[in-house]
Amino acid sequence: MQRILCFSVLLTSGFALAAADETVIEHRQNTFQLIETELEEAEDLLDGAETPWGALDPIALKLLQAGRELKDSFPQGSDAGSSASHQIWKNPEPFQALLDEMGQGFSLLHQAVKQQNVRLAEQGIEQAEATCRRCHRSYRSFW
């Protein structure tokens, strides 16, 4: 009876951990999708002197928050079932540096919105997008 109880507890714990990992994976995938969508929206809104800064401000804030959330979205053990490269967990420093760089692009965009500076906004978006491309080349597993 005691063995059955122990087995049941371990099995339940295993399912809970697997569900937690799945939730972490789903959350980071949703965050990356939000970033992609919001970056496209930000690019579409930039229109020189006609840029609607009031509409761009909440987008810049969403991107800033999403970048911060990603910093904690790759905890040890959350690579199981993920399409991300295992190198993220084996050697996290270079990956974290890329997340920091993407966050700097979002910060630049946010600063640009506050200053209503189109050129600075374009630089922030380009920095974030360039980081996305480098990260995908290095850390995205397609098989």
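Could you give the accessible area per residue of segment 94-139, probe 1.4 Å, as a whole number in Å²?
Computed with neighbouring chains in place, this is 50 Å² per residue.
Between the DSSP loop rule and a limit of at most 15 other Cβ atoms within 10 Å, which trypsin sites (Lys or Arg not before Pro) in segment 47-143 are left?
LYS71
Keeping the other protein chains in place, figure out the carbon and sulfur percent of the accessible area of segment 68-126, with a 1.4 Å probe.
That share works out to 47 percent.
Once you have the Cα-Cα distance between ASN91 and ASP47, take 0.36 nm times their residue separation minus that, and quote the gain in nm to one decimal.
Answer, rounded to one decimal: 11.8 nm.
Quick one: 3J(HN,Hα) in Hz for segment 121-129, Karplus 6.51/-1.76/1.60 with θ = phi - 60°, rounded, Gly and Pro as x.
4, 4, 5, x, 5, 4, 4, 5, 5
Once you have the Cα-Cα distance between GLN65 and LEU120, take 0.36 nm times their residue separation minus that, and quote the gain in nm to one decimal.
So the extension gain works out to 17.9 nm.
The values are calculated or read from the model by the stated rules, or taken from the named source; none is laboratory data. None of these values were measured; they are calculated from a predicted model. Virtual Cβ from ideal backbone geometry, glycine too; neighbours counted across all protein chains shown. Remember, those area values only see protein heavy atoms, side chains included, never the ligands or the DNA or RNA. Shrake-Rupley method; radii C 1.70, N 1.55, O 1.52, S 1.80 Å.
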